[in-house]
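Q: Pasting a structure below so you can have a look.
Read-outs throughout are calculated quantities, based only on the coordinates presented, and are distinct from any laboratory measurement. Just so it is clear, the model here is predicted, and its values are computed rather than measured. Ideal geometry is used to build each Cβ from the backbone, glycine not excepted, and the neighbour counts take in all protein chains shown.
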Amino acid sequence: MLINIYYIRDSVVRLGTLKNNIQRTLDRAEKSKKPISKEDIGAFKSNFYGIAIDMLNALSECIFAFDSSIRTYSLFISSKSQLQEAIKQVRSTDDLQVIQSQIDTILQPYEEFNFNEYTLYYYKSNYRYAYTYSNDCAIEEFYLQMIARQIKTPKDREIKILDPQPRRGENIKGLKALLPNAKTYAAAVPEREASYVKSNFDRVALGTLKGSTISNDAFDILLLQPAVSLEKQSERIMIKKEKDMIRDTIKYLRPGGYLILLLPYFRFYKDICLILAKHYTDIQVRKFSGAGFEKTGAIFLVAKRKSKDDKEIDPKEYQKIRHLYNIDEIKNIVEENFEELMLPEEEEEIKLFRGSILDIDEIKNIFENSGCMNQFWKDQSVEKMSESKKNPLLPFNTGQLGLVLTSGVLDGIIDEGNGHYHIVKGRVVKKTDSERDLNSNEIELTETTSNRVEINVLLPDGTHKILA
């Protein structure tokens, strides 16, 4: 079942349950001859709004993204209009019978509605492709440049931008063009797209977010262009890629840093709104025009991350994004840009940035910055014979040579010049020799164990040899 059709069906069921609960309350009030409290009426109205808004989002997606030639297209339009009118009527009344009547009007068209007939192919092809093919969701760079103009720092410093799942790598150019001091990071990049994404980002982490090692609370800007789930895969479980992406990437953004989110305006269901309002403040929303919007229905949301201790939901911030189903009321970014986005003064270090799959470039970077080779050469350094005041006993017999080898004195580096070295490692190994004698028709086995001196050499070309 399609996600938006599921929300319509779920809303129909919940409205039916709400209608029955209202009727029971009315019956109890009539029986007891007591008026219904304002608190109970307020609870019923609040419940109605929550259901109605999710249904409006789902209907908005049907109208925006479904092909207008489908048989039920006009039903979606009229149903949305009825729902908007019902919200106005409920807002202006405290009469539960009026609310019940409005619910009846909303439910009537769905009495014989077949929710299971809708498939992905009811969506327009350009909308469907935009959210089923990761490289086909484009934002004009112009809009990102407008946002970049508003990003400020109290002092000149490097700005760290993370795109945890770049849909089209060149979009980041819109930010970088006006932020020359920006350093850009891309995560969750498939191996097949590595070379393409690397041409647009300073650092790239391959693989998936799960299994990646990325510094938390460190990035100044979090750019999200999440893929959107169009189908509900399980009857019991609701998995939405956009919700998971928004929730799972909060930890990377530093408190005081800014989220730049690109998401269809009709996908701001209650669960997503709660996540955003819980972790972000100073929420601003703008729509944009052009081919990108006409194809995806996406809008820009910009918000500042709260401190980690602040998990209270501000009702005003929540309401800003809960009523985005009415696209006509959203300001256009061309007509009114976002307010200034002032980043924290101090710079955070990105100590960890590795994907679940390590590519060759990342391995080289880890190796070069680890200091392990410096320690290796340090461990191999030995006192030069010319600097030693001691005269060794020469020639060594096997036992003496074994003692010298096991003490590590003969281990070290032989410099050939021109940056070529041999690595020498001496050791003593046990060697067992066997002899068989035939004596009185019996075979007598004799084993002799002795120490064997072995000098190992690793040549500049990687060849391993045993000299003795």
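Q: Find how many whole Å separate the alpha carbon centroid of the range 277-305 from the alpha carbon centroid of the range 1-76.
A: 26 Å
Q: A follow-up question, please. Among 303-316, 147-160, how do they line up by average Cβ neighbours within 10 Å per residue, starting with the highest? Please list the in-between numbers first.
A: Numbers: 303-316: 13.9, 147-160: 15.9.
Per-residue mean Cβ counts within 10 Å order the peptides as 147-160, 303-316.
Q: Oh, and also: Grab the Cα-Cα distance for Ile330 and Arg236, subtract it from 0.36 nm times how many residues apart they are, and report the gain in nm with one decimal. Walk me through the numbers before you get to the answer.
A: Working: separation 94, 0.36 × 94 = 33.84 nm, distance 3.42 nm.
That works out to 30.4 nm of additional length.
Q: Another question about this same structure. For the range 131-364, just say rounded, prolate or oblate: build the C-alpha gyration tensor, square-root its eigenvalues into a ≥ b ≥ c, call rounded for a/c under 1.5, and beyond that prolate if a/b exceeds b/c, oblate if not.
A: rounded
Q: Can I ask one more? I want to check the label-to-label distance for Tyr129 and Ile77. Put each point 7 Å from Cα in the C-beta direction and report it in nm to one decimal.
A: If labels sit at Tyr129 and Ile77, their model points lie 2.6 nm apart.
Q: Assuming R0 = 51 Å, what is the FRET efficiency of Ser92 and Ile363, from their Cβ-Cβ distance, to the nearest 0.05?
A: Result of the calculation: an efficiency of 0.20.
Q: Okay, next question. Semi-axes of the equivalent ellipsoid for the range 3-118, please: Cα gyration tensor eigenvalues, times 5, square-rooted, ordered largest first, whole Å.
A: The three semi-axes for the range 3-118 are 30, 13, 11 Å.
Q: Report the dimensions of the range 34-86 along its three principal axes from the alpha-carbon atoms, largest first, rounded to Å.
A: 52, 15, 13 Å, listed from the longest principal axis down.
Q: Quickly work out the Lys431-to-Lys155 label distance, labels modelled 7 Å from Cα along the C-beta direction, and quote it in nm with one decimal.
A: The answer from the label model is 6.8 nm.
Q: Could I ask something else about it? Taking 0.36 nm per residue of separation and subtracting the Cα-Cα distance, what length does fully extending Asp310 through Asn216 add?
A: Between Asp310 and Asn216, full extension yields 32.1 nm more.
Q: Follow-up question, since we're still on this one. Among residues other than Thr17 whose Cβ falls under 15 Å from its Cβ, what is the net charge (Lys/Arg +1, Asp/Glu -1)? If you can, show how the numbers build up before the last one.
A: On the way: positive: Arg9, Arg14, Lys19, Arg24; negative: Asp10, Asp54, Asp104.
Local charge sum for Thr17: +1.
Q: Give me the one-decimal nm value for the distance between modelled label points at Asn456 and Leu107, 7 Å along each residue's Cα-to-Cβ direction.
A: With each label placed 7 Å out from Cα toward Cβ, I get 7.9 nm.
Q: Sticking with this one: Taking 0.36 nm per residue of sequence separation and subtracting the Cα-Cα distance, how much length would be gained by fully extending the chain between Glu345 and Leu26, in nm to one decimal?
A: 109.0 nm
Q: At a Förster distance of 51 Å, what's the computed FRET efficiency of Thr448 paired with Ile413, Cβ-Cβ distance as r, to 0.05? The partial results should precede the final answer.
A: Details: r = 36 Å, r/R0 = 0.71.
After rounding, the FRET efficiency stands at 0.90.
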